[in-house]
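Scroll down for the structure; my scribbles are underneath it.
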Amino acid sequence: MKGQWIGRYTGANEGYILVNIDERQAAFEGMAFVNDKSDHLPNLAAFFTTPSKHQEISFRTSQILPINPHTGTTDSWDNVKQFFGKDIAIPQYADVACEWTETVLKMTWKTNIDTHGYCELPCSRAGDHSELQPHPEVSDWAAYKKHVLALEGNRYLFRGQSKPWRLRTSFHRTSRANLHRYLNEDIQVLHKHLSARTRHVFNLENPNENGAFYNLVQHHGYPTPLLDWTYSPYVAAYFAYRGITNQEAAKALPTDKVRIHVFDQAQWKADLPQMRQLLHFAPHLSIGEFLAIENERMIPQQAASTVTNIDDIESYIQFHHENTGRSYLWAIDLPVSERRAVIQELSYMGITAGSLFPGLDGACEELKERNFED
């Protein structure tokens with residue numbers, strides 16, 4: 001039952017529903033975002049904890065809160081009702097019956113104001129193989145360099161991966177989905193521990209410092225709902241080949257590829273609203289550039305980030321591509337066998353572990369590459 005489930009619901013009202021569920025020791029805990037197709041009705045967030053982990057469960061929601069249409073976050077009904085008609089009411093709770101398998105979540109519910117609903121939701125496909133087809137005319141390093149030189153500067157973001165995986169944040173790769181729990185539990189503990197180890201004490205109430213904090217811990221391996229990108233196609237190429245040795249590259253088959261994603265972030269920002277809050281309930285993929293507080297890696301990596309509450313980013317971008325007809329994301333696959341030549345050329349450009357990761361770790365990684373990767 002854990003993970004993210006998205007789809008349509010029907011009943012007294014209709015719309016789409018996004019359900020994020022985490023697994024606890026003896027139960028499931030989660031939140032459902034209910035987006036009504038009518039602009040005259042408020043969107044709702046329903047919080048719940050199940051009484052067991054059985055595949056057929058009944059429970060009552062612990063809380064239902066309206067979404068403030070101006071902030072995109074939960075608020076009191078007293079603050080939100082001014083945006084809707086005087087005869088509109090919201091439920092205090094819902095009684096829910098659900099059954100689930102690894103691929104389908106079925107839920108029916110009835111509220112204390114006699115509204116009701118039903119949904120049958122597919123599980124996120126973020127763990128599946130990518131369906132992005134690589135660019136047919138860019139299949140080696142020489143073609144890649146020619147291709148990126150023809151692109152408009154600063155319009156695109158790039159992300160290098162050693163395999164053609166679907167795009168997914170490190171937070172969602174842990175099989176966690178409930179960002180409400182993440183912010184109220186994980187981040188509070190993390191902030192307390194790291195405040196003793198950083199020269200700067202981050203004010204998480206300040207949006208700029210909040211973003212800088214998440215970006216810092218992301219770069220040091222803590223799971224976050226951020227995904228790292230770079231404005232440099234060459235830095236992205238370095239990251240694509242970084243986890244592969246020259247010995248592995250020498251034995252690689254012609255079908256073995258690394259992948260570089262190219263994201264038209266300028267068009268994406270023009271077409272879709274960008275959210276500053278990490279806990280925004282509507283599905284979103286937002287682009288952020290954060291302050292480099294105590295984060296020496298950001299500038300040499302020419303870093304940018306996307307922040308999202310979506311598990312399967314590839315499908316989300318594809319959905320908007322189908323709606324608008326615009327291409328926001330494409331993939332370029334390069335041969336693993338070219339690794340030695342690519343890394344050597346990138347080093348001539350000054351793109352090495354030592355330059356991208358200032359400090360002892362980066363210096364040692366660069367010298368390891370130089371002295372042991374023959």
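Values quoted throughout were computed directly from the atomic coordinates according to the rules given, and no laboratory measurement underlies them. Just so it is clear, the model here is predicted, and its values are computed rather than measured. Please note: Cβ atoms are built from the backbone with ideal geometry, for glycine as well, and neighbour counts cover all protein chains shown.
Over the chain, DSSP H runs of length four or greater, each weighted -39,500 (n - 2.57), average out per residue to a 222 nm ellipticity of -7000 deg cm²/dmol.
Based on the Kirkwood radius over alpha-carbon pairs, what is the Stokes-Einstein translational diffusion coefficient of region 272-374 at 20 °C with 1.002 mPa s viscosity, in µm²/s? Translational D for this selection: 126 µm²/s. Among 219-227, 94-102, 185-193, sorting by the average number of other beta carbon atoms lying within 10 angstrom of each residue, highest first, gives 219-227, 94-102, 185-193. Relative intensity of region 65-132 on a log10 scale, I(q)/I(0) at q = 0.15 Å⁻¹, equals -0.73, per a Debye sum over C-alpha point scatterers of equal strength in the absence of solvent. For the listed residue pairs LYS2/LYS163; LYS192/LYS368; LYS146/LYS257; LYS53/LYS257, the alpha carbons are over 29 angstrom apart in LYS192/LYS368; LYS53/LYS257. Value of Rg to Rh for region 3-122, rounded to two decimals, is 0.96; Kirkwood radius and Rg both from alpha-carbon coordinates. Cβ crowding within 10 Å ranks ARG168, ARG125 as ARG125, ARG168, fewest other Cβ atoms first. Over all pairs of different C-alpha atoms, the chain has a mean inverse distance whose reciprocal, the Kirkwood radius, equals 22.7 Å.
Sparse packing (at most 13 other Cβ atoms within 10 Å of the Cβ) combined with a DSSP loop state is found for the following trypsin sites (Lys or Arg not before Pro) in region 226-262: LYS251.
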